[in-house]
Amino acid sequence: MRTPYLDSALEALGDQARRFATERVAPGYQERDRTRVLDRGLMREMGALGFIAPELPESVGGQGAGCLAAGVIHEEIAAADLSLSYVNLLASLNGQILAEHGQPEVAKPWLDRLTKGEALFAIALTEPRGGSDAANLRLRVEKQGDAYVINGEKTSISAADQADAIIVFGRTGTVEAGAHGVTALLVPGDAKGLTRSRFDCHGQRAIGRGSLFFDNVRVPLDHRLGEENKGFVQVMQGFDFSRALIGLQVLAVARAALAETWKYVAQREAFGKPLSAFQGVSHPLADLETQVEAARLLCLQALWLKDQGLPHSAEAAMCKWWAPKLAYETVHQCLLSHGHGGYDRGVMEQRLRDVLGFQIGDGTAQIMKTIVARARAGRNAVPN
């Protein structure tokens, strides 16, 4: 759909991504949910087409195409399979961190693999004792000679059991230092002493979530990302980008559900009329259609602001709290509109399971609203 943020080149890119998603991604959506296996072949196909982290500079394997380009591709893949679109999300978030804060000789080989679809990255922030208090970390990172040694646990990590590399946040300073005592490290997935588990999650089953256990895991000093004790403050800025992408990701699922539901209620008849003739059916869908379109524009605005180098933290937070809630409500209404056919195991109920997780992970609605409040009233007026 034409918007003021998308020019003809971006619309053409969206058309290309949509064809790929329709022909190659959508047919395996339910099977990947059943088997919980992420298709690495599809990852490599996306990489060959330039669909993974296109916003990264060409010097590290990207296209230099901007954040809006990443968003346009991301929503088309998500409309076909939200779990597979995690490949795009994790690549853009982790790729940005690596490109901006990694040592070039360490980061570039990984970035080449990432953009080619040959490596899947995870980001390890959440710990068992808490998620929303993200800076209050206990996983310990100690410098020993020519290496950092990591001990502790991370949990609720997307792609935990299948990531080829992980960006890990750990405590190098005192607990009292909070966010200013945290360091980020790049940890190869085959590092000695690293073990993993996988949860049996309600949705997003092909990408999965799980725990990571670090038992004297050693990584070289040059695998540090950013400055020591400043990793959290420096690297967390990238989450504004991913929050806008998440908004587009879940709204793409909602838009796909709405398109199918409009078609269904126009064809299905009751009392001699199509279901769409009854306002009790069509008006709730019209309400949601309006809100989904507005939320999508907000997400595109956030990416446009980032491309312009302008502040966008508040807009990104709005995307993250509103879009997942709205997407769930939309898919839920679409499922109800399909009756028992929607409730049966199938695409619609799988969508409902998939979008639900984003109301929990990657920043709760309460945290996002606090970010918005601080941006508008000032941080001193909205304390912790």
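The values are calculated or read from the model by the stated rules, or taken from the named source; none is laboratory data. Note that this is a predicted model, so its numbers are computed, not measured. All Cβ positions, even for glycine, are placed from backbone atoms using ideal geometry, and neighbour counts span all protein chains on display.
Looking at (1) surrounded by fewer than 17 Cβ atoms within 10 Å (Cβ to Cβ); (2) farther than 30 Å from Gly64 by Cβ, can you tell me which one Trp321 breaks?
In the conditions (1) surrounded by fewer than 17 Cβ atoms within 10 Å (Cβ to Cβ); (2) farther than 30 Å from Gly64 by Cβ, Trp321 misses (1) alone.
Condition check: polar (S, T, N, Q), under 30 Å from Asp33 (Cα atoms), modelled with pLDDT under 95 and outside the structural domain of Asp190 (by TED's automatic domain parsing). Does Gln96 satisfy that?
Values: polar (S, T, N, Q): yes; under 30 Å from Asp33 (Cα atoms): yes; modelled with pLDDT under 95: yes; outside the structural domain of Asp190 (by TED's automatic domain parsing): yes.
Against the criterion (polar (S, T, N, Q), under 30 Å from Asp33 (Cα atoms), modelled with pLDDT under 95 and outside the structural domain of Asp190 (by TED's automatic domain parsing)), Gln96 qualifies.
Can you go through Ala177, Ala122 and tell me which one is among the hydrophobic types (A, V, I, L, M, F, W, C) and either in the same structural domain as Glu31 (by TED's automatic domain parsing) or under 27 Å from Val250 (Cβ atoms) (or both)? Talk me through it step by step, then tell me what you get.
On the way: Ala177 fails: either in the same structural domain as Glu31 (by TED's automatic domain parsing) or under 27 Å from Val250 (Cβ atoms) (or both).
Within the list Ala177, Ala122, the selection yields Ala122.
Looking only at region 361-370, count every residue that is surrounded by fewer than 21 Cβ atoms within 10 Å (Cβ to Cβ) and touching a residue at least 24 places away in the same chain (Cβ under 8 Å) and tell me the total.
Taking region 361-370 first, the residues surrounded by fewer than 21 Cβ atoms within 10 Å (Cβ to Cβ) are 361, 364-367, 369-370.
With touching a residue at least 24 places away in the same chain (Cβ under 8 Å) added as a condition, the list becomes 361, 364-367, 369.
Looking only at that region, the number is 6.
Against the conditions (1) out of contact with any Phe, Trp or Tyr (no Cβ under 6 Å at 6 or more places or on another chain); (2) outside any strand (DSSP E or B); (3) at pLDDT 90 or above, where does Ile207 fall short? Just the number, please.
Unmet condition: (1).
Check Ile123 against each of (1) part of a helix (DSSP H, G or I); (2) within 21 Å of Leu303 (Cβ to Cβ) and name the one condition it does not meet.
Unmet condition: (1).
Residues checked against (1) at pLDDT 90 or above; (2) assigned to a helix (DSSP H, G or I); (3) under 20 Å from the mean Cα position of the chain (by Cα):
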{"residue": "Glu315", "(1), (2), (3)": "yes, yes, yes"}
{"residue": "Cys319", "(1), (2), (3)": "yes, yes, yes"}
{"residue": "Val331", "(1), (2), (3)": "yes, yes, yes"}
{"residue": "Arg345", "(1), (2), (3)": "no, no, no"}
{"residue": "Met368", "(1), (2), (3)": "yes, yes, yes"}
{"residue": "Arg376", "(1), (2), (3)": "yes, yes, no"}
{"residue": "Asn384", "(1), (2), (3)": "no, no, no"}
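Here's a check for you: in region 258-309, which residue that is in contact (Cβ under 8 Å) with a residue 12 or more places away in the chain and either in contact with a Pro (Cβ under 6 Å, 6 or more places away or on another chain) or of a type in the set (Asp, Glu) (or both) is surrounded by the fewest Cβ atoms within 10 Å (Cβ to Cβ)? Walk me through it before giving the result.
Keep residues of region 258-309 that are in contact (Cβ under 8 Å) with a residue 12 or more places away in the chain, which gives 258, 260-262, 264-265, 275-276, 281-282, 284-285, 288-289, 291-293, 295-304, 306-307.
This time we only want the ones that are either in contact with a Pro (Cβ under 6 Å, 6 or more places away or on another chain) or of a type in the set (Asp, Glu) (or both), so: 260, 289, 293, 307.
Numbers: Glu260: 17, Glu289: 18, Glu293: 14, Asp307: 18.
Ranking the qualifying residues of region 258-309, first place goes to Glu293.
Provide a single number: the residues in region 158-190 that are buried (at least 16 other Cβ atoms within 10 Å of the Cβ), of a type outside the set (Asp, Glu), outside any strand (DSSP E or B) and on the phi < 0 side of the Ramachandran plot.
8
When region 324-360 is examined, which residues are found to be hydroxyl-bearing (Ser, Thr, Tyr) and either farther than 28 Å from Pro27 by Cβ or surrounded by 24 or more Cβ atoms within 10 Å (Cβ to Cβ) (or both)?
Kept after step one, since they are hydroxyl-bearing (Ser, Thr, Tyr), are these residues of region 324-360: 328, 330, 337, 343.
Result: Thr330, Ser337.
Every residue in region 100-114 that is acidic (Asp, Glu), over 14 Å from Pro220 (Cβ atoms) and at pLDDT 95 or above, please.
Within region 100-114, the subset acidic (Asp, Glu) is 100, 105, 112.
Checking the rest, the ones that are also over 14 Å from Pro220 (Cβ atoms) come to 100, 112.
Of everything in region 100-114, just one residue is acidic (Asp, Glu), over 14 Å from Pro220 (Cβ atoms) and at pLDDT 95 or above, namely Asp112.
When only residues in region 60-74 that are assigned to a helix (DSSP H, G or I) and touching a Lys or Arg at 6+ places or on another chain (Cβ under 8 Å) count, which is surrounded by the most Cβ atoms within 10 Å (Cβ to Cβ)?
First, the residues of region 60-74 that are assigned to a helix (DSSP H, G or I): 60, 67-74.
Adding the requirement that they be touching a Lys or Arg at 6+ places or on another chain (Cβ under 8 Å) leaves 60, 67.
Working: Val60: 21, Cys67: 24.
Filtering region 60-74 for residues that are assigned to a helix (DSSP H, G or I) and touching a Lys or Arg at 6+ places or on another chain (Cβ under 8 Å), the one surrounded by the most Cβ atoms within 10 Å (Cβ to Cβ) comes out as Cys67.
Among residues belonging to region 43-67 that are in contact with a helix residue (DSSP H, G or I) (Cβ under 6 Å, 6 or more places away or on another chain) and of a type outside the set (Gly, Ala, Ser), point out the one that is nearest to Ala159 (Cα to Cα).
Met43
Before we move on, is Tyr5 in contact with a strand residue (DSSP E or B) (Cβ under 9 Å, 6 or more places away or on another chain) and hydroxyl-bearing (Ser, Thr, Tyr)?
Spelling it out, it is not the case that Tyr5 is in contact with a strand residue (DSSP E or B) (Cβ under 9 Å, 6 or more places away or on another chain) and hydroxyl-bearing (Ser, Thr, Tyr).
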